[in-house]
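Novice: The following block contains the structure, expressed as structure tokens.
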Amino acid sequence: MKKRLHILFILLFFISGCSTSILLVKSKIDANAYSMFGKNPQRNFYTPINFNVNIKLKWSSDTRGAFPNSSVTISDSIVFINDLYGRVYAFNFFNGKKYGEIKNKGAVFTTPVVSGLWVVFVVSMVEDDMSKFVMYDYTSAKLFREVEIKGRVLSEILKLNDGFVITTLDGMVIKYDKFGIFMWETNTNVNTRSNPAFLNNKIILGNDKGEIVALNNNDGKILYHKKIGGKFWSGSIISDGKIFIRGYDQLYCIGN
């Protein structure tokens with residue numbers, strides 16, 4: 001009897017430990033994926049789609065936590081979304097069926113990024129001033145890489161052809177290569193809530209001092225920082241070689 005109870009306990013432990021933390025989805029690499037917040041490194045959000053005036057609800061599905069001011073990403077008919085309860089979910093684009101979720105301790109403030117068959121995201125710890133950069137293979141339900149970051153990450157991940165750029169609340173800009181290996185970091189020394197954008201090998205962001213900062217993508221060297229206006233808490237968008245960014249009460253257009 002004791003042996004049966006012992007086996008049952010092991011089975012229950014295994015099921016309870018994995019049923020809410022495994023995200024296993026059959027998929028293939030989608031060359032046309034909406035793989036990051038803003039779709040591309042310029043974050044110009046433009047998608048040539050004609051909407052029907054008669055909009056109808058196709059499906060709805062539940063998550064456990066509230067949503068931050070982020071968006072979904074989509075790859076091969078899989079919709080990825082995060083919540084403030086520390087989870088990243090995958091849903092079927094056509095019927096809303098939940099494939100699974102990745103459970104984390106902390107909160108996921110920013111949109112998951114799809115890179116090949118990895119879903120990439122940052123978890124910010126609730127009590128500690130630190131975050132974790134995570135790369136997770138959602139086709140095999142296995143963690144590929146997890147890297148600790150000093151500071152909280154509230155701004156969106158910038159996905160580039162050669163890697164990922166992360167900015168922390170206290171102004172640190174960090175770059176990892178496309179496999180999650182550390183490349184460089186630069187301390188801008190100013191609180192940053194603005195989502196970074198990219199053009200002509202420059203990483204561009206705004207900060208709490210109302211400055212526009214540009215960094216060299218290769219080594220993180222600061223190319224320029226210029227006082228423009230009030231606090232920049234929004235993301236920047238680059239279109240036709242111009243930077244569009246909103247301050248506290250004004251919209252700015254800046255030549256790059």
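Novice: Specify the residue that is surrounded by the fewest Cβ atoms within 10 Å (Cβ to Cβ); the eligible residues are those in region 230-254 that are of a type in the set (D, E, K, R) and at pLDDT below 85.
Specialist: D249
Novice: If we scan region 22-33, do we find a residue that is under 24 Å from R87 (Cα atoms), at pLDDT below 75 and surrounded by 13 or more Cβ atoms within 10 Å (Cβ to Cβ)? Steps first, please.
Specialist: We begin by selecting, within region 22-33, every residue under 24 Å from R87 (Cα atoms); these are 22-30, 33.
Filter once more, so that each one left must be at pLDDT below 75: 22.
From what is left, the residues that are surrounded by 13 or more Cβ atoms within 10 Å (Cβ to Cβ) are 22.
Within region 22-33 (the criterion being under 24 Å from R87 (Cα atoms), at pLDDT below 75 and surrounded by 13 or more Cβ atoms within 10 Å (Cβ to Cβ)), the answer is yes, since at least one residue qualifies.
Novice: Looking at region 104-118, which of its residues are within 20 Å of A66 (Cα to Cα) and among the hydrophobic types (A, V, I, L, M, F, W, C)? Please lay out each step first, then the result.
Specialist: Here is the first cut: in region 104-118, the ones within 20 Å of A66 (Cα to Cα) are 104-113.
A107, V108, F109, V113 - these are the residues of region 104-118 that are within 20 Å of A66 (Cα to Cα) and among the hydrophobic types (A, V, I, L, M, F, W, C).
Novice: Restricting to region 85-100, give me the number of residues that are closer than 15 Å to A66 by Cα and buried (at least 18 other Cβ atoms within 10 Å of the Cβ). Spell out the reasoning first.
Specialist: Taking region 85-100 and keeping what is closer than 15 Å to A66 by Cα, we get 85-89.
Next, only the ones that are buried (at least 18 other Cβ atoms within 10 Å of the Cβ) stay: 86-89.
The qualifying residues number 4.
Novice: Further, regarding this structure: Pairs needed: first member in region 42-57, in contact (Cβ under 8 Å) with a residue 12 or more places away in the chain and part of a loop (DSSP other than H, G, I, E, B); second member anywhere, surrounded by 10 or more Cβ atoms within 10 Å (Cβ to Cβ) and among the polar types (S, T, N, Q); C-beta distance under 6 Å; at least 6 residues apart or different chains.
Specialist: Correct list of pairs: N44/S239.
Novice: Of the conditions (1) more than 21 Å from D129 (Cα to Cα); (2) buried (at least 20 other Cβ atoms within 10 Å of the Cβ), K175 satisfies every one except a single condition; which number is it?
Specialist: All conditions are met except number (1).
Novice: Would a scan of region 118-137 turn up a residue that is more than 26 Å from M172 (Cβ to Cβ) and either in a loop (DSSP other than H, G, I, E, B) or touching a residue at least 60 places away in the same chain (Cβ under 8 Å) (or both)? Give the steps one after another, and end with the answer.
Specialist: As a first pass, look at region 118-137 and keep what is more than 26 Å from M172 (Cβ to Cβ): 137.
From the residues that got through so far, the ones that are either in a loop (DSSP other than H, G, I, E, B) or touching a residue at least 60 places away in the same chain (Cβ under 8 Å) (or both) too are none.
No; the residues of region 118-137 include none that is more than 26 Å from M172 (Cβ to Cβ) and either in a loop (DSSP other than H, G, I, E, B) or touching a residue at least 60 places away in the same chain (Cβ under 8 Å) (or both).
Novice: Still on this structure, I have one more. Which residues, taken from region 200-229, are surrounded by fewer than 18 Cβ atoms within 10 Å (Cβ to Cβ), assigned to a strand (DSSP E or B) and among the hydrophobic types (A, V, I, L, M, F, W, C)?
Specialist: I222, L223
The values are calculated or read from the model by the stated rules, or taken from the named source; none is laboratory data. The structure presented is a predicted model; accordingly, all values stated were derived computationally and were not measured. Reconstructed Cβ throughout: ideal geometry from the backbone, glycine too, with neighbour counts over all protein chains shown.
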